[in-house]
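Engineer: Below is one structure. I have some questions about it.
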Amino acid sequence: MGLTDAAHAETDPYASRLVVTPLSCSLVGKTMEVTITPDTHAARVFGGLRSTEAFYCNFGLNPAYEDELQTAGLRISGRDQNGEARIVELPAHPFFIGTLFVPQARSTVSAPHPLILEFCRATLARSPAMA
C-alpha cells in the first residue's frame, strides 16, 4: 500500500498513521459470535457463516483504513455484532487468515479449531516432502 508510516497503537501510540488502534472496549476474556462473509476462505474453513470465539485483545483494525486496505487486496471476512473487523484474509494467498480471536483457545486434541487444521493442511500441501 505504500504506507511507510503505518503504525500499531500498542507500540507507537502517538504515530500519525495508526492502522491498528485500541478497541472501543477491551475484548480480553470475552466470548463473542463472529459473522463470516460468504464465499471467503474463512467461510470454507469454518463450513458456515457463524462462529463463537474467545478473545484476548485490546487492539484492532482502525475502521478509517478498511476501504484502503480492501482496495489493496486485504479482505475483511468476519465481523462481530457491531460490524467491527474480526477476520481478515488475502484471497490469493494459500493461507493468510488473521483473526482478533485466539483459535487455540477453543482447540483441543480431539477437536482442533478449523483454522488450526486448515493451517496444517496448507503447510503440508506446500511441503517439499509431500510433493
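Laboratory data are not the source of any read-out in this text; all were calculated from the coordinates shown. All values reported here derive from a predicted model rather than from experimental measurement. Note: ideal-geometry Cβ built from the backbone for every residue, glycine included; neighbour counts use all protein chains shown.
Engineer: So which of Ala7, Ala43 ends up being surrounded by 15 or more Cβ atoms within 10 Å (Cβ to Cβ), within 15 Å of the chain's Cα centre (by Cα) and small (Gly, Ala, Ser)?
Structural biologist: It is Ala43.
Engineer: Return the pairs, sorted by first residue and then second, in which the second residue is in a strand (DSSP E or B) and surrounded by 15 or more Cβ atoms within 10 Å (Cβ to Cβ), the first residue lies in segment 90-101 and is small (Gly, Ala, Ser), the beta carbons are less than 8 Å apart, and the residues are 6+ apart or on different chains.
Structural biologist: Listed by first residue and then by second, the contacts come to Gly98/Ile87; Gly98/Val88; Gly98/Glu89.
Engineer: Which one of the conditions (1) under 12 Å from the mean Cα position of the chain (by Cα); (2) over 21 Å from His8 (Cβ atoms) does Leu49 fail to meet, given that it meets all the rest?
Structural biologist: (1)
Engineer: What's the number of the only condition in (1) under 22 Å from Leu69 (Cα atoms); (2) in contact with a helix residue (DSSP H, G or I) (Cβ under 9 Å, 6 or more places away or on another chain); (3) crowded, with 16+ Cβ neighbours inside 10 Å that Arg17 fails to meet?
Structural biologist: (3)
Engineer: While we're looking at this one, here's another question. Just give me the residues in segment 101-131 being under 14 Å from Val34 (Cα atoms) and touching a Leu at 6+ places or on another chain (Cβ under 7 Å), in sequence order.
Structural biologist: Pro103
Engineer: For residues that are of a type in the set (Gly, Ala, Ser) and over 10 Å from the mean Cα position of the chain (by Cα), scanning just segment 63-93, find the one that is farthest from Leu115 (Cα to Cα).
Structural biologist: Top of the filtered list is Ala64.
Engineer: Now, a different point. Given segment 15-131, what strands (runs of 3 or more DSSP E) lie entirely inside it while holding 1 or more residues that are closer than 30 Å to Asp5 by Cβ?
Structural biologist: 17-22, 50-55, 59-61, 75-79, 85-89, 97-99
Engineer: Find all pairs meeting these conditions: Cβ atoms under 7 angstrom apart; at least six residues apart or on different chains; first residue within segment 111-126 and within 15 Å of Phe101 (Cα to Cα); second residue charged (D, E, K, R).
Structural biologist: As it stands, the answer is His113/Arg106, since those pairs meet every condition given.
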